[in-house]
Amino acid sequence: MNNEKILVVEDEKSLSKLLKYNLEKEGYRTIVCNDGEAGLAAFRKEKPSLVILDLMLPKLDGYEFCKIVRQDSKTPILILTARKEEVDRILGLEMGADDYVTKPFSVREVLARIKAILRRVSGSETPNAVLRAGGLELDLEKYESRLNGKPFTLRSKEFEFLKCLFSARGKVLTRDELLEKVWGYDKSMEIDTRTVDQHIARLREKLGSEAGRIVTVKNVGYRLKLD
Ligand code: CA
């Protein structure tokens, strides 16, 4: 059992019921709201540990909900979306959600994501100030990434990925380990590990002169080149 409280904002009753049933089975206290306005009111009153949020909602949609909540709260938000093309916007600065699951979803996947997010959040309560390798810096307190002293934008998964590599202190992390630690997948879910490679290709572009810090270990995974 645990005492985490989860707010589910979803107007499809069959889905909210399914989520509530399974969340409670896992020991989460669960509150369900069927529209965005009620969701926002419950969010303020109940102060949940995490929000599962549908995008298409009556009264106040998930986009607006997210923007309002993010004005003064870092509470993790897991988005349920039917549209994959929305992902960049969902995870981007405008909305600032933590993760997403596409509909139709498997309950197992939702539970795995929730666990990963909550683990991440509780881990960040004891921040180790600033991680550094050459010109690359991760500031865990400010959740800021800097390249040669200048802040630059990373998606939350990219930040988590680098954090994982830093905490391995130069040792290799396999693609499976990274999928599990950063993306919250478990091995039985048969996710294509090339997903990791695609994310890393994009991340390397952002790292510019420090791109070589992420070393590919052929057929195994990745490691961080420390100084
Ligand atoms: Ca809906």
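The values are calculated or read from the model by the stated rules, or taken from the named source; none is laboratory data. Quick caveat: nothing in here was measured; it's all calculated off a predicted structure. Ligands, DNA and RNA are stripped out before the accessible areas are found, and what is left, the full protein with its side chains, is counted by its heavy atoms. Shrake-Rupley method; radii C 1.70, N 1.55, O 1.52, S 1.80 Å.
Tabulated values for the structure
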| quantity | calculated |
| --- | --- |
| Antiparallel bridge percentage (DSSP; both residues within the chain; nearest 5) | 50 percent |
| Size descriptor, Kirkwood hydrodynamic radius, that averages inverse alpha-carbon separations across segment 130-224, Å | 13.5 Å |
| Nonlocal amide H pairs with LEU57, under 5 Å, H built at 1.01 Å | GLY62 |
| log₁₀ of I(q)/I(0) at q = 0.10, 0.11, 0.15 Å⁻¹ - the chain, Debye sum with one point per alpha carbon | -0.48, -0.58, -1.03 |
| Residue among TYR143, TYR63, TYR100 with the largest mean-square fluctuation in a Gaussian network model of the chain, springs linking Cα atoms under 10 Å | TYR143 |
| Residue-level accessible surface for CYS164, protein heavy atoms, 1.4 Å, Å² | 20 Å² |
| Out-of-range pairs (alpha-carbon distance over 24 Å; input LYS115/LYS163; LYS181/LYS206; LYS84/LYS150) | LYS84/LYS150 |
| Where MET56, MET95 fall by accessible area, highest first, once all protein chains stay in place (1.4 Å) | MET56, MET95 |
| Selected from ARG213, ARG120, ARG169 as most flexible by GNM, with the chain as the system and alpha-carbon contacts under 10 Å | ARG169 |
